[in-house]
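Participant: Have a look at this one.
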Amino acid sequence: MLPVVSIVGRPNVGKSTIFNRLIGSRKAIVDDQYGVTRDRHYGESFWNGRDFNVIDTGGYLPNETDVMIQGIREQIHIAIEESDVILFVVDTEAGITSLDQSVAQLLRQEEKPVLLVANKADNEERELNATEFYSLGFEELYPISALSGRGTGDLLDEVVKLL
Ligand code: GDP
Ligand code: MG
């Protein structure tokens, strides 16, 4: 069995864009489940000579904060069970939201390594703004741009060290 890296975070932070960048041209497997949590995507990735599986989480029911938090909770629970490393994605364009804080609270209690990924850091200014996410209580912060690939090499170097 390959090691597993899960991508979690509130909707619209860029989880699927990161997932697509990590799996490249390889095919994703879609796992449709019943209940609040749907639409989990599995794919294989490769970096510095290491193969690993990546899981993109999502598919929360829209426009209902309570249901969304429940869906995120469920996704995080599964991610913690089955992952070796968790990528917690936030959005430097939007800044910290209360949903980010809820996700952070769930992840901080866990033993699994969590890397805080500040996505949409497309330029230097966004990268500097990303420091606000240190207040979420994680030791290391990785500013990246999933669209351009900026910063993703440093993130992946760290991910494979932890596998
Ligand atoms: P998800 O809901 O967390 O899976 O987010 P998506 O991957 O669907 O992305 C949400 C939106 O953010 C889309 O419009 C993406 O094109 C955009 N996005 C993702 N990554 C980046 C990035 O690095 N920079 C910018 N500017 N936009 C991004
Ligand atoms: Mg998505």
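Laboratory data are not the source of any read-out in this text; all were calculated from the coordinates shown. Everything quoted here is computed from the prediction, not taken from an experiment. When we count neighbours, we look across all protein chains shown, and the Cβ atoms used for this are built from the backbone with ideal geometry, even at glycine.
Participant: So for ILE23, ILE96, ILE55, fewest C-beta neighbours within 10 Å to most, what's the order?
Facilitator: ILE96, ILE23, ILE55
Participant: If packing is taken as the mean number of other Cβ atoms within 10 Å per residue, what is the order of 128-140, 4-16, highest first?
Facilitator: In decreasing order of mean packing, 128-140, 4-16 become 4-16, 128-140.
Participant: Now a separate question. Rounded to the nearest 500, what is the chain's calculated 222 nm mean residue ellipticity when only DSSP H runs of at least 4 contribute -39500 (n - 2.57) each, over all residues?
Facilitator: After summing the helix terms and dividing by the residues of the chain, the value is -10000 deg cm²/dmol.
Participant: Placing unit charges on C-beta atoms (Lys and Arg positive, Asp and Glu negative, everything else neutral), compute the dipole magnitude of the range 4-162 about its Cα centre in debye, rounded to 20.
Facilitator: So the magnitude is around 320 debye.
Participant: Using a 7 Å offset from the Cα along the Cα-to-Cβ direction at both ILE96 and TYR134, what is the distance between the two label points in nm, to one decimal?
Facilitator: Rounded to a tenth, the inter-label distance reads 1.2 nm.
Participant: Taking 7 Å along the Cα-to-C-beta vector as the label spot, tell me the SER148-ASN48 distance in nanometres, rounded to one decimal.
Facilitator: Modelled inter-label distance: 2.4 nm.
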